[in-house]
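Read the structure below first, then the notes.
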Amino acid sequence: MSDFVSVAKHGGVAVVTIDNPPVNAMSFHVREPLHQALAVLRDEPSVAAIVIACAGRTFVAGADITEFGKPVQQPELRAVIALLETIAKPTVAAIHGTALGGGLELALGCHFRVAGARAKLGLPEVKLGLLPGGGGTVRLPRLIGVEKALGMIVSGTPIGATEALEAGLVDAVLDGDLLARAVRFASEMAARGGPFTPVRDRNDRLAVADLAAFDRQAAELAKKARGHEAPIACAEAVRGAISLSFDEALAAERELFLKLVAGDQARAQRHLFFAEREAAKVPGKDLSRRKIARVGVIGAGTMGGGIAMAFANGGFPVTLLETSQEALQRGLTTIDRNYAVSVSRGSLTEAARQQRLGLFKGSTDYADLADCDLIVEAVFEEMAVKQEVFGKLDAVAKPGAILATNTSYLDVNAIAASTSRPQDVVGLHFFSPANVMKLLEIVRAEKTAPDALATVVELARRIGKVPVVVGVCHGFVGNRMLAARGAESEALLFEGATPSQIDKAFTEFGWPMGPFQMGDLAGLDIGWRNRKARGLTAVIADTLCEQGRFGQKTGSGFYRYENGFRTPVPDPEVEALIRAKAAEKGIARRAIDADEIIERTLYPLVNEGAKILEEKIAARASDIDVVWVNGYGFPVGKGGPMFWAGLEGAGKIVERLDHWHERTARPIFQPAPLLRRMAETGTWEAAVGG
Ligand code: 3HC
Ligand code: NAI
């Protein structure tokens, strides 16, 4: 009946199939024929039951996100679901793949839901800065209880078919031919006879809901929201399900949804959703991919161990190479311990741990890397050491193997030049802890072959990473911008700010923590050693390190940590040290407010991003946003530094950078020409194009 929705009869059961690749989103061109089909089937006497199913790889994965922010075209999803609920004959959603957001809400409009064993069901709207706006907050609690529903809606994390069955979200988990079994299920229900109660009229779970307990749970959630509007709105909408009538709650949900969807946070999160997918696209669609079956990792230290785990978690056998048996054993023991911790926390089963450990092969002999298709080097950050390693790899690696470096700062072209096959060399810059952090900066060197690049981008997605392709420069995108963000930290301290004031400005902005808390967490000694090696100084941080104050691990750094707790306590001794050093330098201290802190840290961050874009180190402004949100904790609700520049106003940023440049003559404040063009044109795309 349409290209996107078709109806077939299987005896007395009508199967409505949605076919809207790639993920069967509920676009207008689906909703319209679906609404029509359901209206016809409702009144068609020869139809005893209706199954809603999807073609392709998944059930409906949600509303069509590209339609948000545009005028709504009728019928809305809510109207389709409302119509569904007027049908007296049994309606069954047959769920394979993922039923997400508006997809699950559509399924909640049916009397029954049956799912394939590998199906996942969830309401991930919160991750787009939204709440379920198709009745999900009102229907889900009716089906699975308030507490469980609130958890699913506020976390946005989908649950598997078995858990959904236990919770009452699905009525059956069906193996084999899902559609055939769903049809049988529907005809059995029709034979059993009604009346069939729509979810909207099931009130037994709500009747036992404890509003006071709910409010306590919601208050806890609000504390964790850190300025995010969506989780709080989600909780408010679910509260409505308990305290209001169905129709009133639905209307309240709608109102909250409309407010969120038009807001900056949701806009920022939609931007990030598409930015992540865009970043994972490499030019040259038809490029062949190299086959990656076994991965080698050189160096079993902090990064090498985590990288090896990341590949093993993705199912790849890994050869881990170290310089000595002791170092190798140390690395393997750490990996073993990390998996054991996951088991003790319940995030990994013992069987999965054993299976993963079985994927590791340790070695101290480079010849053992000969069967690896990808080899990632994670040895000390020294060019001479890296070049020696790549020279050895050149001798043993099989032809066509991809040779990757995890360097944080070094020149990948120079590393590639130490081999006879620079076309196979690429940077894979993982973030610590590498088995956890999502971001992967993929460094494309001058001679990196396009198919090698395409292979690692695809591989990154396969192991659950968010890849961003970047060019060669000192620190690539992330660490180079981080240096710009931190360049004024010490000056701000000397001029009058305290570490806790600066950190507070950051957390109020939405960062999970400020730069000094971060430094204490990572260990101040790392930066200290780096600076010494490069002949650099940072007066306050160096002095703290000379006093043995390395941060959390020594119980003090920029803050004190009392009785083994991780809570940073401002330390008068540090403040006295700052005052003394400022006096030595003849700097008069004054009050510094949060605005100034943001101007002198985050404006240079944006400015450096513009320079990076200008130099084509990043292909798109949105790639930079993906780096900062996934690797450095930039608040998702602000969309990344480049998106935020638009919210803040590029004109204002340029003006204040000019001001600080005039005052300090520091290059980090000199506005990039591209930033000035952005201020004129209003978008990065136009600025780059112009
Ligand atoms: N709307 C529009 N496009 C969508 C979409 C959606 N809901 N979901 C995915 N897409 C697009 C992607 O942009 C991508 O397009 P591209 O190929 O042009 O880049 C393509 O579909 C494939 O997506 P993925 O690369 O993400 O495919 P995967 O197989 O890796 O993942 C998925 C599939 C798990 C379904 C994942 O796409 C996903 O999580 N999608 C979003 C789900 C979601 O957030 N749903 C809720 C939407 S909001 C809503 O429903 C509001 C309602 O309550 C009113
Ligand atoms: P680390 O010091 O913890 O580990 C390095 C390991 O490499 C040691 O176990 C050492 O024995 C081994 N090694 C040294 N030379 C070797 C050789 N020739 N052959 C085999 N193994 C050798 O260092 P870390 O922190 O793991 O850093 C490794 C690399 O990762 C560096 O290039 C660093 O810049 C980069 N990196 C570090 C991050 C971090 O947060 N620590 C983040 C991202 C990248």
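The values are calculated or read from the model by the stated rules, or taken from the named source; none is laboratory data. This structure is a prediction, so every number in the text was calculated from the model and none was measured. Cβ placement follows ideal geometry from the backbone for every residue including glycine, while neighbour counts extend to all protein chains displayed. When the accessible area is computed, the model is the full protein with side chains, heavy atoms only, and any ligands, DNA or RNA have been set aside. Shrake-Rupley method; radii C 1.70, N 1.55, O 1.52, S 1.80 Å.
What is the sum of charges around Val170, taking Lys and Arg as +1, Asp and Glu as -1, for the other residues whose C-beta is under 10 Å from the C-beta of Val170?
-2
How far is it, in nm, from the label point at Glu573 to the one at Met513 when both lie 7 Å from their Cα along the line to the Cβ?
2.0
So what's the gap between the Cα centers of the stretch 269-343 and the stretch 97-143, to the nearest angstrom?
33
Stokes-Einstein D for the stretch 411-554 at 25 °C, 0.890 mPa s, Kirkwood Rh over Cα pairs, in µm²/s?
Value of D from the Cα-based Kirkwood radius: 140 µm²/s.
Would you mind counting up the charge near Leu357? Only other residues with Cβ under 13 Å from its Cβ, with Lys and Arg at +1 and Asp and Glu at -1.
Computed value for this residue: +2.
Under a cut-off of 17 Å between alpha-carbon atoms, report the aspartates and glutamates in cross-link reach of Lys361, not counting same-chain residues fewer than 8 places apart.
Lys361 reaches Glu322, Glu326, Asp336, Asp371, Asp373, Glu377.
Take the solvent-accessible surface of the protein heavy atoms, probe 1.4 Å, and return the percent of it on the stretch 5-261 that carbon and sulfur atoms account for.
Within the stretch 5-261, the accessible surface is 55 percent carbon and sulfur.
Could you work out the Kirkwood radius for the stretch 295-476, taking every pair of different alpha carbons, averaging 1/r and inverting it, reported in Å?
Hydrodynamic radius (Kirkwood, Cα pairs) of the stretch 295-476 is 16.2 Å.
Output the direction-averaged projected area (hull surface divided by four) of the convex hull of the alpha-carbon atoms of the stretch 161-249, in nm².
8.4
From Cα pairs below 8 angstrom and at least 6 apart in sequence, can you work out the relative contact order of the stretch 5-261, rounded to a whole percent?
The normalised contact order for the stretch 5-261 reaches 19 percent.
Can you tell me, using C-alpha contacts under 8 Å and at least 6 residues apart, the relative contact order of the chain as a whole percent?
9
State the Cα centre-to-centre distance between the stretch 614-633 and the stretch 530-580 in whole Å.
After rounding, the separation between the Cα centres reads 31 Å.
Could you tell me the distance between the Cα centroids of the stretch 481-495 and the stretch 370-427, to the nearest Å?
34
Shape verdict for the stretch 109-172, please, from the Cα gyration tensor: rounded (a/c under 1.5), prolate (a/b greater than b/c) or oblate.
It is prolate, given that a/c is not under 1.5 and a/b is the larger ratio.
Here is the link list: Lys386/Lys465; Lys224/Lys259; Lys120/Lys438; Lys285/Lys638; Lys148/Lys638. Which ones come out longer than 26 Å on Cα distance?
Listed pairs above 26 Å: Lys285/Lys638; Lys148/Lys638.
Once the Cα atoms of helix 264-279 and of the chain are each reduced to a long axis, what angle between those two axes, in degrees from 0 to 90 to the nearest 10, is obtained?
Around 80 degrees separate the two axes.
For a test of the definition: using alpha carbon positions, the gyration tensor, and the 1.5 limit on a/c, classify the stretch 162-315 as rounded, prolate or oblate. Walk me through the numbers before you get to the answer.
Details: a/c = 2.08, a/b = 1.38, b/c = 1.51.
In terms of gyration-tensor shape, oblate.
Report for the stretch 51-160 the percent antiparallel among DSSP-assigned beta bridges with both residues inside it, nearest 5.
20
Compute the acute angle (0 to 90°) between the alpha-carbon long axis of helix 28-43 and the principal axis of greatest extent of the alpha-carbon atoms of the chain; round to the nearest 10°.
Helix 28-43 sits at roughly 20 degrees to that axis.
Around Gln552, with a cut-off of 9 angstrom between Cβ atoms, what is the net charge of the other residues, counting Lys and Arg +1 and Asp and Glu -1?
Once all neighbours under 9 Å are counted, the net charge is +1.
Which value results for Rg/Rh of the chain when Rg is the Cα radius of gyration and Rh the Kirkwood radius based on the inverse mean 1/r?
That ratio is 1.00, to two decimals.
If the cut-off is 20 Å between C-alpha atoms, which lysines fall inside it for Lys611, apart from same-chain ones fewer than 8 positions away?
Lys652
Antiparallel DSSP bridges in the chain: what percent, to the nearest 5?
So the antiparallel bridges in the chain amount to around 30 percent.
Considering the dipole of the chain built from charges on the beta carbon (Lys and Arg +1, Asp and Glu -1) around the Cα centre, which of Leu440, Val261, Leu647 is farthest to its positive end?
Of the options given, the answer is Leu440.
In deg cm²/dmol and to the nearest 500, what is the mean residue ellipticity at 222 nm of the chain if only DSSP H runs of at least 4 residues count, each as -39500 (n - 2.57), divided by the residue total?
Helix-only estimate at 222 nm: -15000 deg cm²/dmol.
Considering amide H positions built from the backbone, and no H for Pro or chain starts, which residues 5 or more places from Leu320, or on another chain, come under 5 Å of its amide H?
Answer set, sorted by chain and number: Val297, Lys361, Gly362, Ser363.
Averaged per residue, what accessible area in Å² does the chain show with a 1.4 Å probe, protein chains only? Intermediate results must be reported in sequence, preceding the final value.
On the way: 29240 Å² over 690 residues.
For the chain, the solvent-accessible area averages 42 Å² per residue.
Rounded, prolate or oblate for the stretch 365-458? Axes are the square roots of the Cα gyration tensor eigenvalues, ordered a ≥ b ≥ c, and the cut-off for rounded is a/c under 1.5.
Rounded, because the longest to shortest axis ratio a/c is under 1.5.
Could you give the alpha-carbon Rg of the stretch 497-584 over 2.2 N^0.38 Å, rounded to two decimals?
That works out to 1.05 for the stretch 497-584.
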